[in-house]
Amino acid sequence: MLTEEELVQRIADGQLVESVEHMSAGYLAELKRILLISADTELLGAVMYYPNLIARRVPEKTVGAFLAVIQDELGHAHVDYRMLEDLGEDADHLVYGRAPQEFKHPYAMDMPYDTFAEVALVGAFMDRAGYVLLSDVFEHTSYFPWRRALVKVNKEESFHINFGVRNLRLLASDPDTRAETQRAIDWMFPLTVEWFGLPDDLKTHDKQLRYRLKGCSNDQLRQTWLSQVVPLVEELGFEVPARLDPGTHRYELDFPFPCAFDEQEKRWDFDNPVTWNDVITRWKCRGPANARLVEIFQAGRKRLDALREAA
Ligand SMILES: [Fe+2]
Ligand SMILES: [Fe+2]
């Protein structure tokens, strides 16, 4: 392995990192941390659609496409856990051996999505958030195995976004589903704004930027997402609490960020600003669907283990 100074020099020289001998201990630890967030996000990205398909809460003609999305996400998760194995982690333990609250996917994925409008916005808003983050990784990351893997992953993610937008247009064109869709936008828009994490002025020591695991800051990535989502939502005639400031060419939010969120009611209280410490506490407690979603993929293994013990 390299010392920290050697690693920083390697990155400054524009050389890529291919395996553990090109890393410092700090780089390896940060790479594993960010890869685990990615792996868990991909895995839960597959699982979160599952209850809606079982309960038939999406139109029959979209079921095949949702199954294709689930298959893609499982493939993406497999790639990420495989990279973690190459770095010395036990993927089997990571998937089947952890408690639900130990998973690292964003809090937003632990919410229940109960209507077709909400599921459509998972694609249009949240797959897009994932795509914005992974496109930055693809363009800038110093860890070359990840960049190679993302060629396929990002192509599939853009299909997921297009599918979400198509579903959203369908909902927008039907007077019977417009109110329900607006209601979903009202709580899912701020939740996806939050997906990008702490604002830059609170995140002074960003190891991911230092090690060039990614290239853009949280606020830059959040602006990229806003610049794609706000015009889309406005074009479809829905209300969205953000606007482009013509002076700075930046998107400004029309609500205090962060503010209080009622996860049972799926409602933000724009009159009640909170601190980022409050948000981090909510994230650490995980969301209402956390245990139920993890149980979906761990239950089969538990049954299998019980059968083996009985045999
Ligand atoms: Fe994915
Ligand atoms: Fe996706």
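The values are calculated or read from the model by the stated rules, or taken from the named source; none is laboratory data. Because the structure is predicted, anything quoted here is derived from the model rather than measured. Note that we place each Cβ from the backbone using ideal geometry, even for glycine, and neighbour counts take in every protein chain shown.
Summary of computed values
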| quantity | calculated |
| --- | --- |
| Residue within region 43-51 that is more than 30 Å from Ala179 (Cα to Cα) and in contact (Cβ under 8 Å) with a residue 24 or more places away in the chain present | yes |
| Residue selected from region 3-24 under the condition exposed (fewer than 11 other Cβ atoms within 10 Å of the Cβ) and outside any loop (DSSP other than H, G, I, E, B), by the criterion farthest from the chain's Cα centre (by Cα) | Glu5 |
| Unique match (being more than 11 Å from ligand 1 (Cβ to nearest atom) and aromatic (Phe, Trp, Tyr)) among Phe163, Phe159 | Phe163 |
| Scan of region 123-147 for residues that are among the charged types (D, E, K, R) and more than 16 Å from Lys32 (Cα to Cα), ordered by number | Asp127, Arg128, Asp136, Glu139 |
| Residues (under 21 Å from Arg148 (Cα atoms), touching a helix residue (DSSP H, G or I) at 6+ places or on another chain (Cβ under 9 Å) and among the acidic types (Asp, Glu)) located in region 1-38 | Glu18, Glu30 |
| Test: residue in region 111-130 that is assigned to a helix (DSSP H, G or I), more than 16 Å from ligand 2 (Cβ to nearest atom) and out of contact with any Gly (no Cβ under 7 Å at 6 or more places or on another chain) | yes |
| Spans of helices (runs of 4 or more DSSP H) in region 155-257 with at least 1 residues among the charged types (D, E, K, R) and buried (at least 19 other Cβ atoms within 10 Å of the Cβ) | 178-195, 218-235 |
| Matching residues, region 142-153, being crowded, with 17+ Cβ neighbours inside 10 Å and part of a helix (DSSP H, G or I) | Pro145, Trp146, Ala149, Leu150, Val153 |
| Some residue of region 153-171 being away from ligand 2 (no atom under 16 Å from the Cβ) and either touching a Cys at 6+ places or on another chain (Cβ under 6 Å) or of a type in the set (A, V, I, L, M) (or both) | yes |
| Residue count for region 51-106, restricted to those that are assigned to a helix (DSSP H, G or I) and within 15 Å of ligand 1 (Cβ to nearest atom) | 19 |
| Those residues of region 226-256 which are free of Cβ contacts under 8 Å to residues at least 60 places away in the same chain, closer than 16 Å to Val132 by Cβ and not hydrophobic (A, V, I, L, M, F, W, C), in sequence order | Ser227, Pro231, Arg250, Tyr251 |
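Here's the yes/no breakdown for (1) in a loop (DSSP other than H, G, I, E, B); (2) loosely packed, with under 12 Cβ neighbours inside 10 Å; (3) modelled with pLDDT of 95 or more; (4) not polar (S, T, N, Q):
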| position | (1), (2), (3), (4) |
| --- | --- |
| Ala260 | no, no, yes, yes |
| Asp278 | no, no, yes, yes |
| Thr281 | no, yes, yes, no |
| Glu295 | no, no, yes, yes |
| Arg308 | no, yes, no, yes |
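Conditions tested, residue by residue: (1) closer than 30 Å to Leu171 by Cα; (2) buried (at least 23 other Cβ atoms within 10 Å of the Cβ); (3) in contact with a strand residue (DSSP E or B) (Cβ under 7 Å, 6 or more places away or on another chain).
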| site | (1), (2), (3) |
| --- | --- |
| Glu42 | yes, yes, no |
| Leu53 | yes, no, no |
| Arg82 | no, no, no |
| Leu94 | no, no, no |
| His105 | yes, yes, no |
| Tyr113 | yes, yes, no |
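Yes/no matrix, rows are residues, columns are (1) among the hydrophobic types (A, V, I, L, M, F, W, C); (2) closer than 30 Å to Tyr27 by Cβ:
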residue: Thr41; (1), (2): no, yes
residue: Val47; (1), (2): yes, no
residue: Gly64; (1), (2): no, no
residue: Val69; (1), (2): yes, no
residue: Met83; (1), (2): yes, yes
residue: Asp90; (1), (2): no, yes
residue: Tyr96; (1), (2): no, yes
residue: Val122; (1), (2): yes, no
